[in-house]
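Engineer: Below is one structure. I have some questions about it.
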Amino acid sequence: MRTIVGAARFLAVFIYTICCLVIIAFVFPFQGPESRGRVIRRWAGRLLRWLGVKVRVNGQLDEKAAHDTGITPGKTGRLILSNHISFLDIFALDSVLPSGFVAKAEIAKWPVFGVIAKHVGTIFIERGNKRALIGIGQGMQQALKDGKNLLMFPEGTTSDGTKLLKLHANLMEAAVRTQADVVPVVLQYKSGGEIAVKAAYVGDTGLFECLWHVVTLPDLTVEITILAPRKGDDRHALCRTVSADMAAVMGVVDPMPPLLDTTVVKAQAAGV
């Protein structure tokens with residue numbers, strides 16, 4: 001019985017993909033950014049329901065529009081930082097906080113999914129190209145100034161959900177320069193109340209293998225915990241604060257060392 005249900009849910013992914021392409025071609029051209037945000041939120045939630053994945057949300061932001069359209073006109077946007085576990089992460093987060101995604105440039109070349117990514121506000125990063133990174137930072141700053149949600153996975157890769165990896169601070173500079181709120185978010189996939197490591201798209205696990213695990217896991221739930229927004233004048237200090245916040249919620253060891261007080265550093269340098 002579970003195999004039959006899983007096969008039906010597996011098929012739903014292909015139907016969903018076709019629906020997305022139709023929306024991009026015939027709906028998005030006639031809509032403004034806020035209307036597109038609502039469509040993205042609704043369709044992200046729809047995919048999770050079709051896959052039998054429940055969503056449980058803890059916490060929320062004061063700005064209701066950030067949850068509805070992902071845009072707050074006339075106000076600075078938010079940089080959302082989340083741990084990264086599955087290919088479902090983007091859909092789970094978009095169903096609660098519709099956002100422009102900051103992703104590696106290779107995704108733009110993916111068949112079908114690359115096309116979808118380009119039309120939902122994705123900002124692509126060409127790693128190793130310093131000149132391109134400067135442009136990306138400027139693009140992120142402009143998006144934040146326009147009041148948009150931006151989503152980034154600062155670990156840079158996926159984990160199995162049982163730990164937090166070291167966060168990278170570089171692209172947090174856009175939030176520092178615009179004084180935008182940085183919103184830490186923790187994702188946890190659970191089945192039967194326990195962490196579901198099979199839902200992770202990690203290691204040698206293939207995409208379709210991961211998808212099959214997702215559609216056949218019993219009572220799969222993604223818990224989304226939205227933490228208090230942070231601000232800072234230094235991306236490295238901000239990164240450490242966010243890491244500590246996320247690790248505390250997950251109940252794991254913080255992979256990043258605490259930032260030493262500058263007075264302590266100066267005293268150590270003077271040999272005091």
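The values are calculated or read from the model by the stated rules, or taken from the named source; none is laboratory data. It should be emphasised that the depicted structure is a prediction, and the values quoted were computed from it without experimental measurement. Using ideal geometry, Cβ is built from the backbone for each residue, glycine included, and neighbour counts are taken over all protein chains shown. Please note that ligands, DNA and RNA were not included when accessible areas were found on the heavy atoms of the full protein model with its side chains. Shrake-Rupley method; radii C 1.70, N 1.55, O 1.52, S 1.80 Å.
Engineer: Can you list, bin by bin at 5 Å, the percent of alpha carbon pairs in the chain, starting at 0?
Structural biologist: Answer for the chain: a P(r) of 1, 6, 12, 16, 19, 17, 13, 8, 4, 2, 1, 1, 0, 0, 0 percent.
Engineer: Moving to a separate point now. For K109, go through the lysines and keep the ones whose alpha-carbon is under 24 Å away, minus same-chain ones fewer than eight residues off.
Structural biologist: K118, K130
Engineer: Using a Gaussian network model of the chain with C-alpha springs under 10 Å, which one of D245, D181, D234 is most mobile by mean-square fluctuation?
Structural biologist: Sorting by GNM fluctuation, first place goes to D234.
Engineer: Which aspartates and glutamates have a Cα lying under 18 Å from the Cα of K54, excluding residues fewer than 8 positions away in the same chain?
Structural biologist: Within reach: D89, D94, E194, D219, E223.
Engineer: Which FRET efficiency, nearest 0.05, do K118 and W50 yield, Cβ-Cβ r, R0 25 Å?
Structural biologist: Plugging the Cβ-Cβ distance into 1/(1 + (r/R0)^6) gives 0.60.
Engineer: Carbon-plus-sulfur fraction of the accessible area of the chain, 1.4 Å probe, in percent?
Structural biologist: Its accessible area is 57 percent carbon and sulfur atoms.
Engineer: As an exercise, identify the GluC sites (Glu not before Pro) in the range 164-237 lying in DSSP coil whose Cβ has no more than 15 other Cβ atoms within 10 Å.
Structural biologist: Filter output for the range 164-237: empty list.
Engineer: Using the Cα centre of the chain as the reference point, and only Cβ charges (+1 on K/R, -1 on D/E), how large is the resulting charge dipole? Debye, rounded to the nearest 20.
Structural biologist: Magnitude of the dipole: close to 520 debye.
Engineer: May I pose another question? If you split all Cα-Cα distances of the range 85-179 into 10 Å bins from zero, what percentages do you get per bin, shortest first?
Structural biologist: Going from the shortest bin to the longest, the percentages are 14, 47, 35, 3.
Engineer: Compute the FRET efficiency between V253 and L21 as 1/(1 + (r/R0)^6), taking r as their Cβ-Cβ distance and R0 = 45 Å, and round to the nearest 0.05.
Structural biologist: Using R0 = 45 Å, I get an efficiency of 0.55.
Engineer: Taking only C-alpha pairs under 8 Å that are 6+ residues apart, what is the relative contact order of the range 47-105 in percent?
Structural biologist: Taking the mean separation of contacting Cα pairs over the length of the range 47-105, I get 40 percent.
Engineer: If you take the beta carbon distance between E34 and T3 as r and set R0 to 41 Å, what does 1/(1 + (r/R0)^6) give as a FRET efficiency, to the nearest 0.05?
Structural biologist: 0.45
Engineer: Once both axes come from the Cα atoms, what is the angle between helix 2-26 and the longest principal axis of the chain, in degrees from 0 to 90, rounded to 10?
Structural biologist: Around 80 degrees separate the two axes.
Engineer: So, how do all the Cα-to-Cα distances of the range 216-259 break down into 10 Å bins, in percent, from 0 on up?
Structural biologist: Taking every Cα pair in the range 216-259, the percentages come to 24, 42, 21, 10, 2.
Engineer: Going by alpha carbons, how many degrees (0 to 90, nearest 10) lie between the helix axis of 130-145 and the longest principal axis of the chain?
Structural biologist: Taking the Cα atoms of the chain, the angle to 130-145 is about 80 degrees.
Engineer: Can you give me the angle between helix 235-250 and the longest principal axis of the chain, using Cα atoms only, in degrees from 0 to 90, rounded to the nearest 10?
Structural biologist: On a 0 to 90 degree scale, this one is about 50.
Engineer: Whose amide H sits under 5 Å from the amide H of R230, counting only residues 5 or more places off or on another chain, with H placed in the peptide plane?
Structural biologist: Sorted by chain and number, the residues that satisfy this are V182, V183.
Engineer: Per residue, what accessible area does the range 118-261 have, given a 1.4 Å probe and all protein chains present, in Å²?
Structural biologist: Ligands and nucleic acids excluded, the result is 48 Å² per residue.
Engineer: Now for a separate question. Run the numbers for Q138 and V57: contour at 0.36 nm per residue of separation, minus the present Cα-Cα distance, in nm.
Structural biologist: Separation in residues times 0.36 nm, less the Cα-Cα distance, equals 26.0 nm.
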